[in-house]
1. For segment 161-175, how many residues meet the condition of being in contact with a helix residue (DSSP H, G or I) (Cβ under 7 Å, 6 or more places away or on another chain) and surrounded by 19 or more Cβ atoms within 10 Å (Cβ to Cβ)?
2. Given (1) in a loop (DSSP other than H, G, I, E, B); (2) out of contact with any helix residue (DSSP H, G or I) (no Cβ under 6 Å at 6 or more places or on another chain), identify the lone condition not met by residue 24.
3. Hey, which of the strands (runs of 3 or more DSSP E) in segment 92-134, taking only ones fully inside, have at least 1 residues that are more than 9 Å from the ligand (Cβ to nearest atom) and touching a helix residue (DSSP H, G or I) at 6+ places or on another chain (Cβ under 6 Å)?
4. Please go through segment 30-51 and pick out each residue that is touching a residue at least 40 places away in the same chain (Cβ under 8 Å) and over 25 Å from the mean Cα position of the chain (by Cα).
5. For the subset of segment 120-132 comprising residues that are over 19 Å from the mean Cα position of the chain (by Cα) and surrounded by 17 or more Cβ atoms within 10 Å (Cβ to Cβ), which member is farthest from residue 154 (Cα to Cα)?
6. Determine, yes or no, whether residue 150 is more than 14 Å from the ligand (Cβ to nearest atom), over 16 Å from the mean Cα position of the chain (by Cα) and at pLDDT 90 or above.
7. Looking only at segment 214-229, count how many residues are assigned to a helix (DSSP H, G or I) and in contact (Cβ under 8 Å) with a residue 12 or more places away in the chain.
8. How many residues does segment 191-211 hold that are buried (at least 17 other Cβ atoms within 10 Å of the Cβ) and in a helix (DSSP H, G or I)?
Ligand SMILES: [Zn+2]
């Protein structure tokens, strides 16, 4: 019902149904869980249109915030001390980029790879792209890198892929955990595969790898969850 109402507005559920917003709506209406919210909508206790209106306001507020420099600095992070948070051994002031394929987060085990003309790209050590680099050819292109003392204000995007038994209330449970941990989420997307397993993609913004590990540990306790991986794009 909510999804239908969202569709009418031209937005997508991924844009509007972010855990932070849902938590706000729950709090404001004294609901304990998202199931309470859904049943209130179902029974006509609260109009779906009103909920969606609130979600749209939050979405607009949020997208405005994203244009602010706080997030921009992550993308414009260019060199040592300039915001990427990574130090390259033996290469002062060189261009450093956090790779988009595996999205390293401070605390992750990382390596640097000297690219042609684009400085050093930083990957998680377990990134498939690093494993696939031809070792002979690339021997002198891999460099040691380490994290600077990460500033807690800096946020990094991480994507999780959750595989679970497709059961009622699964998505609500996942959303509840993310919002309880007060982790901002920028994407949420679920589908069911041929084996009737739910595949849930969640994009979150965290400051450290510990935070993502804690989130994964909590999500693993959700009933029906089979596996959780930090996905590659
Ligand atoms: Zn990578």
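1. 4
2. Result: residue 24 fails condition (1) only.
3. Fully inside segment 92-134 and qualifying: 110-114.
4. 41, 42, 48, 49
5. We begin by selecting, within segment 120-132, every residue over 19 Å from the mean Cα position of the chain (by Cα); these are 120-121, 125, 128-132.
With surrounded by 17 or more Cβ atoms within 10 Å (Cβ to Cβ) added as a condition, the list becomes 120-121, 130.
Working: 120: 20, 121: 19, 130: 25 Å.
My answer is 130.
6. Criteria not met by residue 150.
7. Result for segment 214-229: 5.
8. 2
The values are calculated or read from the model by the stated rules, or taken from the named source; none is laboratory data. Given the structure is predicted, the values throughout are model-derived calculations rather than measurements. Positions of Cβ are backbone-derived with ideal geometry, glycine not excepted, and every protein chain shown enters the neighbour counts.
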